[in-house]
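Peer 1: Pasting in a structure now, in structure tokens, and then I'll have a few things to ask.
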Amino acid sequence: MEKKSVSVTLKNVTKKFKDVKGKADVIAVNGAEFIVEPGELVTLLGPSGCGKTTTLRMVAGFELPTEGKILIGDTDVTMLPPNKRDTATMFQSYGLFPHMSVFDNVAYGLKLRKVAPDEIKKRVNESLDLVGLATYGDRAPGKLSGGQQQRVALARSLIVTPSVLLLDEPLSNLDALLREQMRVEIKRIQKTLGITAIYVTHDRVEAMSLSDRVIVMKNGFIRQIGAPEQIYEQPDTRFVAGFVGKAAFFPVEIGSKETDYWSCNLDGKEVKVAQAAPDVKTGDKAVLMARPESLRLTEKGKGHLDGKVRMNVYLGNSLESFVSTAYGEVLVQIDDPHSKKVFKEGQEVSIDFSPDRVRILGEDEN
């Protein structure tokens, strides 16, 4: 099943849908431009209607772009139909044939290509072994669990050895535990085969755990591209920060820029911040973005922002304190609570910022 990995390139790709009622055209994807490197798994992440599935469908050939180019390797596939592109797509629904065995479901694509029976048997067995279903070939799909059916669908997509694997929210029909298990399996199989993959989801945990890089989309535009840790730790906008994880936002005015830190003013108190988005500058009004794990609780008056503990939620290896402040409720994560001071519910406290973990963003929420 080995095959040389290829890249996928989108150059200024736009998709407009005509409105049949005479209204303005709907721009589903606006000037998308990125490269998926050979063997890389890239996730398109964003809320419903952001354009991520339309982008995937254009790569697959189910939709044709209004403008721009799509290349698989060095081949321009922009106007080619799906069967002329070396891709395979996994959808939300398993799409298995109920009257066929697991073996025949996986073999279906090879039979259409008129592959020799001995070769079909060999490749189906390899594919089922790869997804952990080596002994399930004779079973009917209806006798399998949801996770097992998803594995069969994955094996069926991989058996035709596509250059590019496209996955459109394939785990959305599974329960939480199965989703977690299948995320691990998909990543393992993708890395084992070295196949180039594009994954679509609105689930940030899926995106963070699976991806080499994440492309965050909103309203048809790409908002940021980066490795999961970069998107989480260094978001460029308030939207990206809030979509990929829990965050609190505080209005600040940017003061001076020193060698290692920016100086910000929050209600008359100085806050030192090591990170800032590329578009912020001295004198701007901005927002300070803080993740729950970047905050610390201390005695009232000793931190940057006073408040009162409304509720504590014990999670075993961590504790979440919900603190009421003048800027709304702020979540503070306390790791290893047994070794830390935990303030009781109703107790007045102060929130302290970790300078190296918080980040200045522009006021614009886009």
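Peer 1: Filter the range 107-123 down to the residues that are within 21 Å of Thr135 (Cα to Cα) and either among the aromatic types (Phe, Trp, Tyr) or surrounded by 14 or more Cβ atoms within 10 Å (Cβ to Cβ) (or both) and list them by number.
Peer 2: Passing the criteria: Ala107, Tyr108, Gly109, Leu110, Ile120, Lys121, Arg123.
Peer 1: So which of Ala207, Ala290, Ala274 is in contact with a strand residue (DSSP E or B) (Cβ under 7 Å, 6 or more places away or on another chain), under 12 Å from Arg359 (Cβ atoms) and not polar (S, T, N, Q)?
Peer 2: From the options Ala207, Ala290, Ala274, the qualifying one is Ala290.
Peer 1: Looking at Asp19, Asp104, Asp25, can you tell me which residue is surrounded by 13 or more Cβ atoms within 10 Å (Cβ to Cβ) and either charged (D, E, K, R) or outside the structural domain of Ala153 (by TED's automatic domain parsing) (or both)?
Peer 2: Asp104
Peer 1: Then there is this: Check whether at least one residue in the range 41-48 is in contact with a strand residue (DSSP E or B) (Cβ under 9 Å, 6 or more places away or on another chain), touching a residue at least 24 places away in the same chain (Cβ under 8 Å) and surrounded by fewer than 15 Cβ atoms within 10 Å (Cβ to Cβ), and report yes or no.
Peer 2: yes
Peer 1: Let me ask another. For the range 219-334, list the strands (runs of 3 or more DSSP E) that sit wholly inside it and hold at least 3 residues that are more than 30 Å from Leu56 (Cα to Cα); which are they?
Peer 2: By residue number, 248-257, 262-266, 269-273, 285-290, 295-299, 305-314, 318-325.
Here's the yes/no breakdown for (1) on the phi > 0 side of the Ramachandran plot; (2) touching a residue at least 40 places away in the same chain (Cβ under 8 Å); (3) surrounded by 19 or more Cβ atoms within 10 Å (Cβ to Cβ):
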| residue | (1), (2), (3) |
| --- | --- |
| Ile198 | no, yes, yes |
| Val214 | no, yes, yes |
| Pro228 | no, no, yes |
| Val240 | no, no, yes |
| Gly255 | no, no, no |
| Ser263 | no, no, no |
| Lys272 | no, yes, no |
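Peer 1: Still on this structure: Which pairs do you get when a residue that is aromatic (Phe, Trp, Tyr), found in the range 131-159, comes within reach of a residue that is in a helix (DSSP H, G or I), reach meaning Cβ atoms under 8 angstrom, with the pair 6+ apart or on two chains?
Peer 2: As it stands, the answer is Tyr136/Val102; Tyr136/Leu128; Tyr136/Gln148; Tyr136/Val152, since those pairs meet every condition given.
Peer 1: Still on this structure, I have one more. Are any residues in the range 212-241 modelled with pLDDT of 95 or more and hydroxyl-bearing (Ser, Thr, Tyr), and if so, which ones?
Peer 2: Tyr232
Peer 1: Let me ask something else about it. Test of understanding: among Gln190, Gln150, which residue is part of a helix (DSSP H, G or I), crowded, with 18+ Cβ neighbours inside 10 Å, touching a Phe, Trp or Tyr at 6+ places or on another chain (Cβ under 7 Å) and not small (Gly, Ala, Ser)?
Peer 2: Checking each option against the conditions leaves just Gln150.
Peer 1: Among the residues of the range 68-79, which ones are surrounded by fewer than 20 Cβ atoms within 10 Å (Cβ to Cβ) and either within 26 Å of Thr201 (Cβ to Cβ) or in contact with a helix residue (DSSP H, G or I) (Cβ under 6 Å, 6 or more places away or on another chain) (or both)?
Peer 2: Gly68, Lys69, Leu71, Gly73, Thr78
Peer 1: Would you pick out the residues in the range 158-177 that are more than 20 Å from the chain's Cα centre (by Cα) and either over 19 Å from Thr43 (Cβ atoms) or surrounded by fewer than 23 Cβ atoms within 10 Å (Cβ to Cβ) (or both)?
Peer 2: Of everything in the range 158-177, those that are more than 20 Å from the chain's Cα centre (by Cα) and either over 19 Å from Thr43 (Cβ atoms) or surrounded by fewer than 23 Cβ atoms within 10 Å (Cβ to Cβ) (or both) turn out to be Ile159, Val160, Thr161, Pro162, Ser163.
Peer 1: Taking Ala140 as the residue in question, decide whether it is closer than 21 Å to Thr161 by Cβ, in the same structural domain as Glu169 (by TED's automatic domain parsing) and among the small types (Gly, Ala, Ser).
Peer 2: So Ala140 fails the test.
The values are calculated or read from the model by the stated rules, or taken from the named source; none is laboratory data. Bear in mind that the values here come from a model prediction, so they are computed numbers and not experimental data. Virtual Cβ from ideal backbone geometry, glycine too; neighbours counted across all protein chains shown.
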